[in-house]
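Input: a single structure, listed below in C-alpha cells.
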Amino acid sequence: MSEKNNLSPVERIKTASEGLRGTLKESLQDGLTGALYEDDQSLIKFHGMYQQDDRDRREERTAKKLEWLYSYMIRLRLPGGFLTPEQWVAMHNVAGEHSTGTIKITTRQTVQLHGILKSHIKPTISSFNTAGLDSIAACGDVNRNVTCSAHPNESEIHEEVFAFADKISVMALPKTRSYYEVWLDQEKLVEKTEEDPLYQERYLPRKFKIGIAIPPNNDVDVLTNDVGLIAVIENNKLIGFNIAAGGGLSSTHGNPNTYARLATVLGFVTVEQTLKAVYEVITIQRDYGNRADRKLARLKYTIDRLTVEGLKEELEKRCGFKLGEIKPYSFTSRKDHYGWKKNHQGKWYFTLFVENGRVLDDEQVAMKTALLEIAKTGKANFRFTGNQNVIIADVLEADKPVVDALLQQFKLDAHTENAGVLRKNAIACVAFNTCPLALAEAQRYLPTLIDKIEPLLNKHGLEEDEIILRMTGCPNGCGRSSASEIGFIGTAYGHYNLHIGGDREGERLNTKFKENLNEEQILSSLDELFAVYKAERNTNETFGDFSYRKWILN
C-alpha cells in the first residue's frame, strides 16, 4: 500500500516512540537547554504542542553566542470551539501565569498560548486538566481539532449537529495514555504499548482535519478539510451529511507538485452511518498515504493516486454500505453574525470581533479583562468561530442586561460595531515572531495593511462590500489565504503573492495574480482592481466572482 522503503525520518520517530512517549521525560529534566531532544520535538506535536523560538531575537542571541530563546505553544482540543465560563477563567489565569498573556483564537475554533517555557509546560497542562481541558492530538499526524458551524442561530438543530464534533473527536483520539504519564505524572497502566486499531503504531502520514457545516453558511470553510460534513436537514430533522474528502490548502513555493485543493463531495451518509464513514476515510489515508515525502502526504495527494472514484470504491468496501446520492445543498455566505442574536430557545448570543483572534488588552480596548469579567458572572458560555472570533453564548433573557452592561462598560459593543466590513471578514495566521515556517508577517501586519486598504475602498465606494481577505506568512495555509477573494501569501519578509478570484461562499479557490509584491505594489494593484470592479461589475456580483470572470478566465 503506502511506501515500504525510504520512509521519512518522522515515520521512524513515531514507530519507535512507544506510544508517543519517546524520551520526553528525560528531555524535560535536561536543564541545560530550553529545547527538547530532536526526536521529541516531533512527538510533542501529538500532545498539542510545538517547540518554537522568538525569531525577533535570533540574531541578537546568536551574536552573543546564546542559545535561541526557545519556548512552546500549547493548543487546546476543543471540538466545535466550546468553553464554559469556569474554563475561560482557568484559561485566562494560565495565560497570565505561564505564557505571553495573549489568548490566540485559531482558525480551527480553538485557542493556543505562546511563549511557555519548558519548565512551565507541566504546570500549564496540569492547570488545564484541572479545568477539564486537554491538548491531546491538537497537533501532529492525527485528526486535529474538529470544527463545526459555531452559531446556534444557524439552525434549530444546531446542538445535534454540533454534538458530532465531539463524537468524531473522541472516536479519533489516539489510544495511548502517554499524555497523562508524561505531563500529569500518572502511573503507566500497561507494560506494553496500548493497542490502537485506528492509528496502530504508525499514526497517519500527515495531519488530518475534519469540519462540519450547516448550510447556507459555510463559516467553517468545510471544503478546505480532509473530510467535510455538510449537514442535510429536512423538515427540521437532521437526516445525515453529504461527505466530502480531499481538502487541504498547504503548498510549497517552487514545488509544482504541491497545491491547494478543495474537497470533493463523494455522496450522502445517514446519521447512523456518519461515524463509520469518517473513521474509514481515516483508515484509507493511514494505509495509502505517502510516508516517504511529507510534502505529498495529505489525503488530497492520496486521492491523486487512488482517483476520486477509487477512494469512493475503497470507502464503500470498508464501510460495508454504499454512499447515497448527494443531497441538494447551497452555501450563500461564509461569515460570522456580529452583535446580539437570539436563537429559537430564546437564548442570546453576542459575536465579538477579535482581530486575527488575538485576545489581549491594548490601548484601544481591554478585551481580555472584559471577557474575564463576563466569565466571572457565570452567565455565559464561550464559542469560538472559524473566523477567529468569540461568541458570548447561551445567555438567558434574564441575564442579558448583566452581560450587555459589561460589553458597554468595556466598549466591546462599540469595538465590534465600528470595525469595517473588510476588517471583520479578514483573518491571518500567526507567522512571525514564533512560527518557524513563516517567510513574512501576517497577524502583526495585516491590521496595518487594512488601515491602508480601507481608504481605497472608500475612494471607489466599496466600503460596505463584504470582501473576504486573508493573509498567511507562508504557503502552508493556516490562515486559509487560498480560499479567499483576496489572498496574500508571504514569499519573503515584506513581500507577498497576490491571489484573487476565490468565491465568497468557499467553493472556489483563488488564483495567483501577481508575485512578490511589496506594500506599495500591493496598494497600487488593489487600487487598479477596485476601480475596474466598481466600473464594470454586474449587479450584485462579488469581487471574487468578478475578478475570476475578468482576470482569471480570460
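The values are calculated or read from the model by the stated rules, or taken from the named source; none is laboratory data. Only a predicted model underlies this, so the values are computations on that prediction, with no experimental measurement involved. Here the Cβ positions follow ideal geometry from the backbone for every residue, glycine too, while neighbour counts run over all protein chains shown.
Going residue by residue through segment 481-493, is there one that turns out to be out of contact with any strand residue (DSSP E or B) (no Cβ under 9 Å at 6 or more places or on another chain), surrounded by fewer than 16 Cβ atoms within 10 Å (Cβ to Cβ) and either without any contact (Cβ under 8 Å) to a residue 12 or more places away in the chain or not assigned by TED's automatic domain parsing to the domain that holds VAL222 (or both)?
Yes, that holds for at least one residue.
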statement: With criteria (1) farther than 28 Å from ILE233 by Cβ; (2) touching a residue at least 60 places away in the same chain (Cβ under 8 Å), THR274 comes up short on (1)
message: I'm trying to understand the selection: among the residues of segment 127-154, which are hydroxyl-bearing (Ser, Thr, Tyr) and in a strand (DSSP E or B)?
response: THR147
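Can you spot a residue in segment 317-324 that is part of a loop (DSSP other than H, G, I, E, B), of a type in the set (Lys, Arg) and touching a Pro at 6+ places or on another chain (Cβ under 6 Å)?
No, because not a single residue in segment 317-324 is part of a loop (DSSP other than H, G, I, E, B), of a type in the set (Lys, Arg) and touching a Pro at 6+ places or on another chain (Cβ under 6 Å).
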query: Would you pick out the residues in segment 368-393 that are outside any loop (DSSP other than H, G, I, E, B) and under 23 Å from the mean Cα position of the chain (by Cα)?
result: LYS368, LEU371, ASN381, PHE382, ARG383, PHE384, VAL390, ILE391, ILE392, ALA393
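Can you tell me which residues in segment 491-508 are touching a Ser or Thr at 6+ places or on another chain (Cβ under 8 Å) and within 19 Å of ASP451 (Cα to Cα)?
Hit for segment 491-508 is LEU498, nothing else.
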query: If you scan segment 494-529, which residues turn out to be out of contact with any strand residue (DSSP E or B) (no Cβ under 6 Å at 6 or more places or on another chain), among the small types (Gly, Ala, Ser) and buried (at least 19 other Cβ atoms within 10 Å of the Cβ)?
result: GLY502, GLY506
query: Out of curiosity, is GLU463 surrounded by fewer than 20 Cβ atoms within 10 Å (Cβ to Cβ), at negative phi and not in a strand (DSSP E or B)?
result: yes
message: Of everything in segment 203-221, what is assigned to a loop (DSSP other than H, G, I, E, B) and in contact with an Asp or Glu (Cβ under 7 Å, 6 or more places away or on another chain)? Give them in sequence order.
response: TYR203, LEU204, PRO205, ARG206, LYS207, LYS209, ASN218, ASP219
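Of these, GLY22, GLY80, GLY34, which one is over 24 Å from the mean Cα position of the chain (by Cα) and touching a residue at least 24 places away in the same chain (Cβ under 8 Å)?
Unique residue meeting the criteria: GLY34.
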query: Taking THR302 and the conditions (1) surrounded by 17 or more Cβ atoms within 10 Å (Cβ to Cβ); (2) among the hydroxyl-bearing types (Ser, Thr, Tyr); (3) over 24 Å from the mean Cα position of the chain (by Cα), which numbered condition does it fall short on, given that it satisfies the others?
result: (3)
query: Of the conditions (1) part of a loop (DSSP other than H, G, I, E, B); (2) within 19 Å of the chain's Cα centre (by Cα); (3) surrounded by 21 or more Cβ atoms within 10 Å (Cβ to Cβ), ARG291 fails just one. Which one is it?
result: (2)
- prompt: Would it be correct to say that ALA260 is within 27 Å of GLU154 (Cβ to Cβ), touching a strand residue (DSSP E or B) at 6+ places or on another chain (Cβ under 6 Å) and either among the small types (Gly, Ala, Ser) or not assigned by TED's automatic domain parsing to the domain that holds GLU156 (or both)?
  reply: no
field: Residues that are crowded, with 24+ Cβ neighbours inside 10 Å, not polar (S, T, N, Q) and not in a strand (DSSP E or B), drawn from segment 222-258
entry: VAL222, LEU223, ASP226, GLY246, GLY247, LEU249
- prompt: Somewhere in segment 1-10, is a residue touching a residue at least 12 places away in the same chain (Cβ under 8 Å) and assigned to a helix (DSSP H, G or I)?
  reply: yes
query: What is the residue count in segment 146-160 for residues that are touching a Leu at 6+ places or on another chain (Cβ under 6 Å) and under 23 Å from ALA172 (Cα atoms)?
result: 1
message: Just the residues that are closer than 15 Å to SER251 by Cβ and either free of Cβ contacts under 8 Å to residues at least 40 places away in the same chain or part of a loop (DSSP other than H, G, I, E, B) (or both), please, taken from segment 503-534.
response: LEU509, ASN510, LYS512, GLU515
message: Whether any residue in segment 446-453 is under 15 Å from ILE489 (Cα atoms) and either part of a loop (DSSP other than H, G, I, E, B) or at pLDDT below 95 (or both) is what I want to check.
response: no
Some residue of segment 334-342 being within 24 Å of MET471 (Cα to Cα) and buried (at least 20 other Cβ atoms within 10 Å of the Cβ): yes
- prompt: Taking only pairs six or more apart or across chains, which ones have beta-carbon atoms under 6 Å, a first residue in segment 322-334 that is under 16 Å from GLU505 (Cα atoms), and a second residue that is outside any loop (DSSP other than H, G, I, E, B) and among the polar types (S, T, N, Q)?
  reply: SER333/ASN217
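Consider LYS188 carefully, then state whether it is in a helix (DSSP H, G or I), of a type in the set (Lys, Arg) and either within 16 Å of VAL278 (Cβ to Cβ) or in the same structural domain as ILE282 (by TED's automatic domain parsing) (or both).
no
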- prompt: Condition test on ARG318, is it crowded, with 22+ Cβ neighbours inside 10 Å, over 16 Å from ALA244 (Cα atoms) and not assigned by TED's automatic domain parsing to the domain that holds LEU113?
  reply: no
